[in-house]
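Readers should treat all values here as calculations from the given coordinates under stated rules, not as data from a laboratory. Predicted, not measured: the structure shown is a model, and the values here were computed from it. Methodologically, a virtual Cβ is constructed for each residue, glycine included, from the backbone with ideal geometry; neighbour enumeration extends over all protein chains shown.
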Amino acid sequence: MGRCPECGAWSTLVEEVFDDPLELPGAPFDVGERPVPLATVDPLAAAGRPTGVDELDRVLGGGLVPGSVTLLAGEPGIGKSTLLLQALGRLAGAGARCLLVSAEESKEQVRLRAGRIEALDPNLLVVAETSLPNVLAHVDEVAPEVLAIDSVQTIVDPDQPGVPGSIHQVRECAHRLVRVAKARGLATVLVGHVTKDGAIAGPRALEHVVDTVLAFEGDRHHALRMLHALKHRFGSTNELGVFEMRDGGLADVADPSALFLADRRAELSGSVVTPILEGGRPLLVEVQALVVPATGDAPSRRATQGVDGGRLALLQAVLDRRGEVKVGAADVYASVAGGIRVADPGIDLALTLALASARLDRPIPADLVAVGEVGLGGEVRLAAQTPRRLAEAARLGFRFAVVPVSAPAVEGITSIPVRGIAEALALAGMYD
């Protein structure tokens, strides 16, 4: 069959040969464990070992669990290898025997990076290897407590068909490594690349067989990096880790809101601060807009950075129709300062106020934040966990917040309730 009936892609079907009869579907197998009452299971058996990297431990819910397999995914050059080496260095410094399999770089390259980020320790062993049987042989010899493979797309099993990185090779190698991790109680970290569209390279089965999938994201032209869990069998996926790339490696950012607003110029029009929610962590970011007259007969331009272009177009239409601020015929530019990407609908009100502020050239008060979702009727709706967002704004010294009328009051900040964007514009000083 040339075309897959599920995804519609051509020439993607791969033959699977079962050499072991125990691997055949429906074949009998030996029951290694007996059912036990759930209440007798020790919950502390899934406690994680701290890596020593605070923001990584925050996302992992404490650390790496013995026997778990974690997939660390991100774009090439974003800092995955640096984060992994820092964690291994600190684990080794705490007494854990760690083995790093470098399948992309030589040992000398790894040594140079480790020296730069101070990750040298006798308990951290490294081997440059791409053959899966050799990797497993090194695991037998070293008997590590933590195994890291950078990256899984470059590991190859010579007994399986396909080239390194192919669907069959990645899947089979991942399955073998997962079985070894479970059998030995070995905490394993696999580094994986992502494709141009942001998906993890290799089959989707790679995400299904592992216990945790971590996404490491950021703009390579900015110093900030963000880590969040797409899947985590041992804890919540609502935590966010924030790092800053420095000469000495990745540094934990304990107060990212203050960092995002460090260089803000509040006296400029088109700038509004809004508290967003990344996972379960509230952050304050600056939303910026620039509205300039279109030149000649050329169609108006729309450019965004960090916000969805479709959402910007929708808010422009609502602002034109419901707020009576005409921006449709102008060139519009919108961004979130700091290189962060925001998909939170609670940014709508702030983005709308920024557009109106830029169009009318009237600055928003420096001690005011705005949070709320904007509907097609111009109404302002409550965003999720608004009290936590406002508490973060109050902590950083903001005094006023434009919020929907249904938003509860929060100590330390004065709420300005509004029903629609026209009312919000008037209270923010956009109208005389």
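Overview of results
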read-out	value
Theoretical gain in end-to-end length, residue 3 to residue 254 [0.36 nm per residue, Cα-Cα removed]	85.4 nm
Rounded FRET efficiency, nearest 0.05, which uses the C-beta distance separating residue 109 from residue 13 and R0 of 22 Å	0.05
Per-selection Rg to Rh, the range 293-432 - Cα, Kirkwood hydrodynamic radius	0.96
Computed E for residue 140/residue 376 - FRET, C-beta separation, R0 56 angstrom, nearest 0.05	0.35
Cross-link pairs 107/182; 80/182; 80/231 - those with Cα-Cα distance over 20 Å	107/182; 80/182
Gain in span if fully extended, residue 321 to residue 130, counting 0.36 nm per residue against the direct Cα distance	62.8 nm
Ellipsoid semi-axes in whole angstrom, largest first, where each is sqrt(5λ) of the Cα gyration tensor of the range 44-254	23, 19, 18
Label point distance in nm, residue 221-residue 292, each placed 7 Å from Cα along Cα→Cβ	1.6 nm
In sequence order, calculated HN-Hα J values of the range 357-363 (Karplus, 6.51, -1.76, 1.60; Hz; x Gly/Pro)	4, 5, 5, 8, 6, 10, x
At 0.890 mPa s and 25 °C, Stokes D of the chain from Kirkwood alpha-carbon radius, µm² per second	101 µm²/s
Label point distance in nm, residue 411-residue 208, each placed 7 Å from Cα along Cα→Cβ	5.0 nm
Segment residue 262-residue 45, length gained on full extension (0.36 nm per residue, minus Cα span)	73.9 nm
Cβ crowding within 10 Å averaged over residues, with 211-221, 347-357 ranked highest first	347-357, 211-221
Positive dipole terminus of the chain, leading residue within 98, 37, 335 (C-beta point charges)	335
For q = 0.18, 0.21 Å⁻¹, Debye-computed log10 I/I(0) when each Cα of the range 254-302 counts as one equal scatterer	-0.68, -0.78
FRET efficiency, 1/(1 + (r/R0)^6) with R0 35 Å, evaluated for residue 231 and residue 34 via beta carbons	0.75
Integer Hz, Karplus 6.51/-1.76/1.60 couplings in order for the range 370-386, x for Gly and Pro	9, 8, x, 9, 9, x, 5, x, x, 6, 9, 10, 6, 8, 4, 6, 4
Under 5 Å, built H, 5+ apart or other chain: amide partners of residue 224	245
